[in-house]
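Everything below concerns the one structure shown next.
The values are calculated or read from the model by the stated rules, or taken from the named source; none is laboratory data. Predicted model only: the values in this text are computed from it and were never measured. A quick note on method: Cβ atoms are made from the backbone with ideal geometry, for glycine too, and the neighbour counts reach across all protein chains shown.
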Amino acid sequence: MQKKNVVFDLGGVLVRFDPVYFATREGVPEEDIPAFVQEVFKGKEWVAMDRGTMDCPEAVVSICSRLPARLHPAAERLVCGWWKPAREPMPGMAELIQELKELGYGIYLLSNASQHFYEYFPGVPGCQFFDGLVVSADYKLLKPHREIYTVLYQTYRLNPSECVFIDDTASNVNGAEQTGMDGIVFHGNVPRLRRQLMDLGIPVRQEPEVPWV
């Protein structure tokens, strides 16, 4: 089936999302980083915010109850503003999105994200080319559950077999593939992504590949 639409994840695909880097940037001591990252980014609160069932102040209180007081300021800053002081775009991705748009492809975003998404997405390079957005917190659904992919198809009247989904998490790509989309797991290598899109019949410009990162 000819591809007509490309669907992107956000964190780890359009912008850098690296909890260890964020913790280091906030001054969390090296010996505290593993526990800090586990509690802040991998706990039940982060999932609940993405699901839209917990707000930022509630999450901070809950997370900080498990952390020493000296780590509370860093936890609050990251829970309520990991994208500050600046979003770091994935090199080469904005140019790829613009190229796809100029080739006539529909461009969509499907992201597990809290309501804070709307604060930072307008500053993401390439955001002006998107034809539609599905944000998990708006629907109380999460990838890789089938229902959130169905929301994307139904909202924008997309045929899954005409779509390609790009995400940095294999389980999310597998979830998409189970609903009929082709999927690509993105590892930060835009030249390789371009080749993978070409393999699916999308005639993007090819660039010399760089090693996996």
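The table that follows gives values for the structure above.
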| read-out | value |
| --- | --- |
| First in region 1-28 and surrounded by fewer than 20 Cβ atoms within 10 Å (Cβ to Cβ), second anywhere and among the hydroxyl-bearing types (Ser, Thr, Tyr) and assigned to a loop (DSSP other than H, G, I, E, B), Cβ under 8 Å, 6 or more apart | 3/105; 4/105; 12/169 |
| Residue 204 being over 17 Å from residue 11 (Cα atoms), modelled with pLDDT under 95, in a loop (DSSP other than H, G, I, E, B) and not hydroxyl-bearing (Ser, Thr, Tyr) | no |
| Qualifying positions in region 92-122 - among the polar types (S, T, N, Q), within 21 Å of residue 188 (Cβ to Cβ) and crowded, with 19+ Cβ neighbours inside 10 Å | 111, 112 |
| Candidate set from region 59-71 (those that are part of a helix (DSSP H, G or I) and without any contact (Cβ under 8 Å) to a residue 12 or more places away in the chain); member that is nearest to the chain's Cα centre (by Cα) | 61 |
| Hits in region 52-84 (condition: farther than 24 Å from residue 34 by Cβ and not acidic (Asp, Glu)) | 52, 53, 57 |
| Every residue from region 23-54 that is within 23 Å of residue 143 (Cα to Cα) and among the aromatic types (Phe, Trp, Tyr) | 41, 46 |
| Matching entry among 200, 193, 158, 133 (being surrounded by fewer than 18 Cβ atoms within 10 Å (Cβ to Cβ) and in contact with a strand residue (DSSP E or B) (Cβ under 7 Å, 6 or more places away or on another chain)) | 200 |
| Odd one out for residue 114, checked against (1) free of Cβ contacts under 8 Å to residues at least 60 places away in the same chain; (2) farther than 25 Å from residue 207 by Cβ | (1) |
